[in-house]
Amino acid sequence: MAQYLLMESFAGFDDFLIYLGISAALMLIFVAVYVRITPYREFALIREGNVAAACSLSGTIIGMVLPLSSAITHSVNLVDLAVWGTIALLVQLIVFIVARIALPNIVHDIPAGKLASGIFLGAISIAAGLLNAAAMTY
């Protein structure tokens, strides 16, 4: 009986791995695209101890994970997950573009270590991710 219950608990493990794999791939794609559209090198700045870059990139990643987790929760199949995950990716990229238009110096401030700019970009990325996740619940 205990063995049956244990096996029953793992019945959805293959689906878990597939959803996790697709989500991880979407995250990797997002980070790869994001660090390419920013005119500064986030990972190098973070390695150098630039807190503004760390706040900015961390907030952006959280901003992506929030709607991605909503897409996982509410998707009806893997295609649905991929579609909504891609929408989440695009929204986060648009957030950076809007931030860059609203605050043109942000692309200089973050490499210069100006914490206010890093926190602001991270915060608006998280805010957009929360709204994006909520909107996916229809």
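Cβ-Cβ distances below 9 Å connect the following pairs, each with a first residue in region 22-38 that is under 16 Å from residue 122 (Cβ atoms), a second residue that is surrounded by 17 or more Cβ atoms within 10 Å (Cβ to Cβ) and polar (S, T, N, Q), and a separation of six or more residues or different chains: 30/60; 30/92; 31/60; 34/60; 34/92; 38/56.
In the set 35, 65, only one residue is part of a helix (DSSP H, G or I) and more than 24 Å from residue 18 (Cα to Cα); that residue is 35. Filtering region 27-53 to residues that are surrounded by fewer than 17 Cβ atoms within 10 Å (Cβ to Cβ) and of a type in the set (Gly, Ala, Ser) leaves 32, 44, 49.
Determine whether region 102-116 contains at least one residue that is without any contact (Cβ under 8 Å) to a residue 24 or more places away in the chain and of a type in the set (Val, Ile, Thr). Within region 102-116, one or more residues are without any contact (Cβ under 8 Å) to a residue 24 or more places away in the chain and of a type in the set (Val, Ile, Thr).
Set side by side, the residues 119, 126 differ, and just one is surrounded by fewer than 17 Cβ atoms within 10 Å (Cβ to Cβ) and part of a helix (DSSP H, G or I), which is 119. Being surrounded by 21 or more Cβ atoms within 10 Å (Cβ to Cβ) and aliphatic (A, V, I, L, M) holds for only one residue in 66, 90, 103, and it is 66.
Just to check your reading of the model, which residue among 30, 43 is among the aromatic types (Phe, Trp, Tyr), under 15 Å from the mean Cα position of the chain (by Cα) and part of a helix (DSSP H, G or I)?
It is 30.
Only the coordinates and a few stated rules stand behind these numbers; no lab work does. Because the structure is a prediction, the values reported are computed rather than measured. Backbone-built Cβ (ideal geometry, glycine too); neighbour counts: all protein chains shown.
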